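Visitor: Please read through the structure below; I'll follow up with questions.
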Ligand SMILES: [Zn+2]
């Protein structure tokens, strides 16, 4: 039986361990904690070492050495909050709300995955192979764990992502894809007093032209958004800059928009406004769009039915939005994937982050019902 006080004690422990994406020590303290809970429950735990810059990846299952997963649940351990934030904004409960760094995005959801395993009927627990995946680099584009996550997705039939639920109660089956580009402009330096007489090529001016041209690609109809976000250049007011760097983030509704954007950059680099400036660009992070897998329509009908019958709830989904999760990679492998299934709350990535205390049991009930439904469905299909 679910015990809210026990859950809140565990949540307090894990929220009180700062686990910024760049802090492998804090991350591995959280990994240790989740591992100890899982092992106490009799689950099988594999701890995948990734590298020294991040924490370990946890693969937890009710089966020993599974080669196939009927269901995977996924959550991330890392947060965007700086180290020591939990001292400044400690875990606390005020009325209906539980506050703390990373609580909504997404420590409550990640912890819930372990508690959900306890609520499943014995029949479901025995009949299904269920995997729980936890990574430590989601907030930095899952730069180290994308391929590992994809390898688990290829072994799975259904996936649930427990990113913090939204207060409107809507779930997510589609997310935009994203890429970040680092663009470097090489020019030719010159004393500002000699610009008219001596050879020079102003890298900063060429970068300015790119910022304007790339910004023009924002398009509501195609859903492409482009944000030149960081620009740096120049050493002194009286020197023509010979180097400039710009970081641009884009959001796409379709994979082909990555190539379209890159070909635009290629054509800009072939016809510089400032003669003599050369440009190179590099895609430094990328997530493919999360699109509904084949069979999603039929699956949503099943979910709507079981939500209504077992929980008295309507199940509804968001229109496609710009935020990303590991669901982007999982859905890209053709797996049916629902996201935003964690406890409802708000304030992710902000100082005041919270979940509704009563939402924890609802989250656990939602997932229990979803997994039981898959077990029932598989009996007859
Ligand atoms: Zn998140």
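Visitor: Helix 256-270: angle to the longest alpha-carbon principal axis of the chain, degrees 0 to 90, nearest 10?
Guide: 10 degrees
Visitor: Please arrange 380, 180 by counting, for each residue, the other beta carbons lying within 10 Å of its beta carbon, fewest first.
Guide: 380, 180
Visitor: Separate question: What is the helix-to-structure angle for 4-15, meaning the angle in degrees between its Cα long axis and the longest Cα principal axis of the chain, kept from 0 to 90 and rounded to the nearest 10?
Guide: 30 degrees
Visitor: For region 65-82 and region 93-144, write down the distance between their C-alpha centroids in whole Å.
Guide: When both Cα centres are located, 8 Å separates them.
Visitor: Starting from the Cα of residue 298, step 7 Å toward the Cβ, then list every residue of region 321-346 with an amide N under 14 Å from that point.
Guide: Residues 336 fall inside that zone.
Visitor: What is the spin-label model distance, in nm, from residue 219 to residue 155 if the labels are put 7 Å beyond Cα along the C-beta direction?
Guide: 4.1 nm
Visitor: Using a Gaussian network model of the chain whose springs link C-alpha atoms within less than 10 Å, name the residue from 292, 241, 343 with the highest mean-square fluctuation.
Guide: Between 292, 241, 343, it is 241 that shows the largest mean-square fluctuation.
Visitor: Which FRET efficiency value, to the nearest 0.05, do you get for residue 194 and residue 247 by plugging their Cβ-Cβ distance into 1/(1 + (r/R0)^6) with R0 = 25 Å?
Guide: So the FRET efficiency works out to roughly 0.20.
Visitor: Okay, moving on. Starting from the Cα gyration tensor of region 177-286, take the square roots of the eigenvalues, sort them a ≥ b ≥ c, and report rounded, prolate or oblate (rounded when a/c is under 1.5, otherwise prolate if a/b is larger than b/c, else oblate). If you can, show how the numbers build up before the last one.
Guide: Working: a/c = 2.73, a/b = 2.40, b/c = 1.14.
Here region 177-286 falls in the prolate category.
Visitor: Sort out for me the Cα centre separation of region 213-255 from region 298-341, rounded to whole Å.
Guide: For region 213-255 versus region 298-341, the Cα centre distance is 33 Å.
Visitor: For helix 24-40, what angle does its Cα long axis make with the longest principal axis of the chain, in degrees from 0 to 90 and rounded to 10?
Guide: Orientation of helix 24-40: about 20 degrees from the principal axis.
Visitor: Most fluctuating residue of 337, 363, 190 in a GNM of the chain with Cα springs under 10 Å: which is it?
Guide: Of the options given, 190 has the highest mean-square fluctuation.
Visitor: By count of other Cβ within 10 Å, fewest leading, how are 44, 160 ordered? Walk me through the intermediate numbers first.
Guide: Numbers: 44 15, 160 27.
Ordered from fewest to most neighbouring Cβ atoms within 10 Å, 44, 160 come out as 44, 160.
Visitor: Contact order normalised by length for region 177-286, with contacts defined as Cα pairs under 8 Å and 6 or more residues apart; what percent is it?
Guide: Taking the mean separation of contacting Cα pairs over the length of region 177-286, I get 44 percent.
Visitor: Zone of residue 254 (label point 7 Å along Cα→Cβ, backbone N under 18 Å): which residues in region 184-217?
Guide: 217
Visitor: Test of understanding: extend the Cα→C-beta vector of residue 232 to 7 Å, then name every residue of region 238-255 with backbone N under 15 Å from that spot.
Guide: Within reach of a label on residue 232, which here means backbone N under 15 Å from a point 7 Å along Cα→Cβ, region 238-255 contributes 242-248.
Visitor: Now, a different point. As a test, work out the antiparallel percent of DSSP beta bridges whose residues both lie in the chain, rounded to the nearest 5.
Guide: Working: 49 of 67 bridges.
If I count the DSSP bridges inside the chain, around 75 percent turn out antiparallel.
Visitor: Which of 249, 238, 135 moves most in a GNM of the chain, Cα contacts under 10 Å?
Guide: Looking only at 249, 238, 135, the biggest GNM fluctuation is shown by 238.
FYI, it's all coordinate maths here, none of it is from the lab. Predicted model, so just to flag it, every value in this text is computed and none were measured. Heads up, the Cβs are rebuilt from the backbone with ideal geometry, glycines too, and the neighbour counts pull from every protein chain shown.
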